[in-house]
Amino acid sequence: MSLAETNAAPGRAFVEMLDPRMRIICAFALCVLTVSLASFAAKVIAIFFSLILLAVSGMGWRKVARRLAHVEGFMLALLILLPFTVPGRSIAVLGPLPISAEGLHRGAHIVLSVNAAALAVLALAGSLEAVRMGRALSALGLPDKLVRLVMFVARYQGLFSAEIRRQMEAMRARGFAPAFRRHSFRAFGNLAGMILIASIERAERVDEAMRCRGYNGRFPLRRIRAITHMDIAFAFSIAAFCLLLIFWDRWL
């Protein structure tokens, strides 16, 4: 048991002092909350609460914005497409395509829900290292295969990203310039095939190395520390917020 997990060092963010299991459970509860809310006002409140959690999580706002960039791109595409695909009362016409009020309404609801859930997950679980995440998931009783998958993905994602960057640099050194043409599509296809082959070869080498070290299908994870009063108080505060917001959303 490390000193970092047992003692709250000065200057540490509040969220970092909490038990990883409690952080994962609370993040899951907030995700369920955002999906169950029906009104715009309640979802906006959920977003503000997630922003408060981010403020006490110690994560830099620039890092948060970088992680949300991919989600926001998908949400923008969804917000553009839904008004043209969801049937309902037309509020405008763009060429032959009517823009429905129901589509805008549904798109706005989805964007608010996804952003509130993503911010909550980033605040509570975004700073968990792979080993701490795996130990917490194992302590929560999740299947060992899922725990191993999470830890392997976190371990090797950076390695394969670096391999893709090296391959792209090699292609650019040979005069490759991406464009909307057949040659570029063929080059990217070859790149995907090379990365797949390299991944299979690395997986085989890692499997052989682990077997040589006596790996028997389970990681020797250390026991996680006991739940503290601060963890329980935080969990109760999250549960109270969820219940109050659901009550306000449904009956007030």
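Where a number appears in this text, it was derived from the coordinates with a stated rule and is not lab data. Just so you know, these numbers come straight off a predicted model, no measurement behind them. Because the Cβ atoms are built from the backbone with ideal geometry, glycine has one as well, and the counts that use them run over all protein chains shown.
Details
- Length released on extending from E102 to S39, taking residue separation times 0.36 nm less the Cα-Cα span: 21.3 nm
- GNM flexibility winner over the chain from P83, P178, P96 (Cα, springs under 10 Å): P96
- Top of G103, G126, G141 by mean-square fluctuation, Gaussian network on the chain, Cα under 10 Å: G141
- Over the chain, equivalent-ellipsoid semi-axes from the Cα gyration tensor in Å: 35, 34, 16
- Here the simple spin-label model places points 7 Å from the Cα toward Cβ, and for R62 and A77 these points are separated by 2.8 nm.
- Separation in nanometres of the label points that stand 7 Å from Cα toward Cβ, at R166 and M210: 2.2 nm
- Of the DSSP H helices in the chain, those that are both long (alpha-carbon extent of 20 Å or more along the helix axis) and hydrophobic (Kyte-Doolittle mean at least 1.0) are 20-36, 40-55, 101-125, 229-251.
- Helix-only arithmetic for the chain: the sum of -39500 (n - 2.57) across DSSP H runs with n ≥ 4, divided by the residue total, places the mean residue ellipticity at 222 nm at -24500 deg cm²/dmol.
- Cleavage-rule hits, trypsin sites (Lys or Arg not before Pro), the range 33-97, DSSP coil, Cβ neighbours within 10 Å at most 15: R89
- GNM flexibility winner over the chain from A130, A120, A101 (Cα, springs under 10 Å): A101
- Here each label is just a point 7 Å from Cα along the line to Cβ, and for A55 and S199 those points are 4.1 nm apart.
- R0 of 35 Å, Cβ-Cβ distance W248-L140: FRET efficiency to nearest 0.05: 0.75
- Stokes-Einstein diffusion coefficient of the range 139-212, Kirkwood radius over Cα pairs, 4 °C, 1.567 mPa s, in µm²/s: 88 µm²/s
- The distance from the alpha carbon centre of the range 45-100 to that of the range 222-252 is 27 Å, rounded to a whole number.
- With contacts taken as Cα pairs under 8 Å at a separation of at least 6 residues, the chain carries a relative contact order of 30 percent.
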